[in-house]
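Everything below concerns the one structure shown next.
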Amino acid sequence: MLPMSSWETHEDESARAGGGARGAFRVKGAHLGLPMISDMQRNTLAKSIRESWRLWSLIVFPLAGFVSASLSVWVRGAALGRGILRGLWLLLWTVLGRWNPLGSLTLGLVLAGCLWLFFGLRSPGKTLAIILGSVAAAVLSLLAAVFVDIKFGIGNPQDLRLYFIGGYVGTFLLSLTASWAVAQEISLLRRIAQSLCWAIGGGTLAVAGNMAGSQFRDFCLRLDPKDPAYDTSLLLVWHTGVTFLLGVQLWLARKRRSGCNRDR
């Protein structure tokens with residue numbers, strides 16, 4: 001066995017050769033026959049795990065959007081109930097039924113959760129901005145459709161052009177807010193341009209949601225027997241599709257950023 005002075009000398013030399021305490025640990029590991037992993041290999045492995053985890057966002061995002069729409073419609077159409085839970089149910093019905101235009105509050109909550117889970121959203125301020133931005137996007141999309149209706153004298157609330165305008169405006173605002181929250185490496189001008197392009201898909205989804213009313217009729221009646229099927233199908237199709245678009249947009253942005261870092 002080496003004397004204490006020899007151990008100290010050995011550790012000091014290993015630390016200098018390997019870069020501090022971690023270098024000393026790696027040299028000792030080599031003496032014990034353990035595999036050595038460099039910092040570069042460790043970072044590469046960590047990045048690979050993170051990228052694989054974010055790939056799941058392409059599945060979780062649309063599922064969260066579908067749950068958001070279903071919950072919004074179900075709470076809006078469900079009975080208030082009786083007994084001791086009536087007060088809690090009344091609060092839930094008020095928040096998610098009345099203060100939830102087009103399911104936007106529910107959508108904001110699940111979207112913030114998905115961004116926290118997959119894209120590192122940790123700021124309370126940005127989380128609140130995502131939730132309130134979703135509600136604002138719904139209100140402004142409705143106002144945009146009403147403005148176009150009045151401006152051009154369409155006169156038919158079921159006109160597909162109004163649905164496209166509303167879906168376009170709502171998706172643009174959601175996309176812009178989400179990219180601002182978790183993809184700040186993108187310049188503002190590029191962020192706006194990308195959101196304008198992705199919003200075309202949101203407008204198309206709104207039209208498809210309106211046209212798919214008859215296809216969802218049985219399912220819609222189970223969720224909310226009071227409202228027309230096209231209203232429920234609009235939320236189901238738009239929430240599911242838009243969250244998928246947002247997941248793809250943010251995943252591509254983060255993947256592009258990782259590629260740029262590797263090139264450097």
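Bear in mind these aren't lab numbers, they're just calculated from the coordinates by the rules spelled out. Everything numeric here is computed off the predicted structure, so don't read it as measured data. All Cβ positions, glycine included, derive from the backbone under ideal geometry; neighbour counts span all protein chains shown.
Quick one: in segment 206-217, of everything that is part of a helix (DSSP H, G or I) and free of Cβ contacts under 8 Å to residues at least 40 places away in the same chain, which residue is farthest from Ala253 (Cα to Cα)?
Applying the first criterion (part of a helix (DSSP H, G or I)) to segment 206-217 yields 206-211, 217.
Then keep just the ones that are free of Cβ contacts under 8 Å to residues at least 40 places away in the same chain; that gives 208, 217.
On the way: Ala208: 27, Arg217: 37 Å.
Ranking the candidates gives Arg217 first.
Restricting attention to segment 151-164, does a residue exist that is assigned to a helix (DSSP H, G or I), among the hydrophobic types (A, V, I, L, M, F, W, C), out of contact with any strand residue (DSSP E or B) (no Cβ under 7 Å at 6 or more places or on another chain) and touching a residue at least 24 places away in the same chain (Cβ under 8 Å)?
yes
So, in segment 139-148, of the ones that are within 17 Å of Asp231 (Cβ to Cβ) and in contact (Cβ under 8 Å) with a residue 12 or more places away in the chain, which residue ends up surrounded by the fewest Cβ atoms within 10 Å (Cβ to Cβ)? So that I can check it myself, show each step before the final result.
Keep residues of segment 139-148 that are within 17 Å of Asp231 (Cβ to Cβ), which gives 139, 141-142, 145-146.
Remaining after also requiring in contact (Cβ under 8 Å) with a residue 12 or more places away in the chain: 139, 141-142, 145.
On the way: Val139: 14, Ser141: 28, Leu142: 17, Ala145: 24.
Here the residue is Val139.
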